1. If the Cβ limit is 6 Å and pairs must be 6+ apart or interchain, which residue in region 43-55 that is hydroxyl-bearing (Ser, Thr, Tyr) pairs with which residue that is in a loop (DSSP other than H, G, I, E, B)?
2. Within region 11-39, track down each residue that is assigned to a strand (DSSP E or B), over 19 Å from Asp49 (Cα atoms) and in contact (Cβ under 8 Å) with a residue 12 or more places away in the chain.
3. Return the residues of region 1-42 that are of a type in the set (Lys, Arg), surrounded by 12 or more Cβ atoms within 10 Å (Cβ to Cβ) and touching a helix residue (DSSP H, G or I) at 6+ places or on another chain (Cβ under 8 Å); say none if nothing qualifies.
4. Ser13: at negative phi and either at pLDDT below 95 or among the aliphatic types (A, V, I, L, M) (or both), yes or no?
5. Restricting to region 43-60, name every residue that is under 11 Å from the mean Cα position of the chain (by Cα) and assigned to a helix (DSSP H, G or I).
Amino acid sequence: MKKLRRDIKYHYSEIESGGRVRITTKNRQALDAVHQFLRFQIREHKTGDSDHISDPASSM
């Protein structure tokens, strides 16, 4: 992600339960890196969240 940081955008918005960060990119390599990073975070911190990748259009 560090090498591809110029291709990755972060968008923060407040929601009722706190905040949401939407990470976007048009670069396939950057997208794969973001997915890998998030999966690592889920496993490392044992959040119990799914590491399933959903269709971005369905989450808007």
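1. Hits for this filter: zero, empty list.
2. Taking region 11-39 and keeping what is assigned to a strand (DSSP E or B), we get 11-15, 18-24.
Applying the additional criterion that residues be over 19 Å from Asp49 (Cα atoms) yields 11-14, 24.
Answer for region 11-39, where residues must be assigned to a strand (DSSP E or B), over 19 Å from Asp49 (Cα atoms) and in contact (Cβ under 8 Å) with a residue 12 or more places away in the chain: His11, Thr24.
3. none
4. Numbers: at negative phi: yes; either at pLDDT below 95 or among the aliphatic types (A, V, I, L, M) (or both): no.
Here the answer is no, as Ser13 does not meet what is asked.
5. The one that is under 11 Å from the mean Cα position of the chain (by Cα) and assigned to a helix (DSSP H, G or I): Pro56.
The values are calculated or read from the model by the stated rules, or taken from the named source; none is laboratory data. Computed from a prediction, not measured in an experiment: that's the story for all the values here. All Cβ positions, glycine included, derive from the backbone under ideal geometry; neighbour counts span all protein chains shown.
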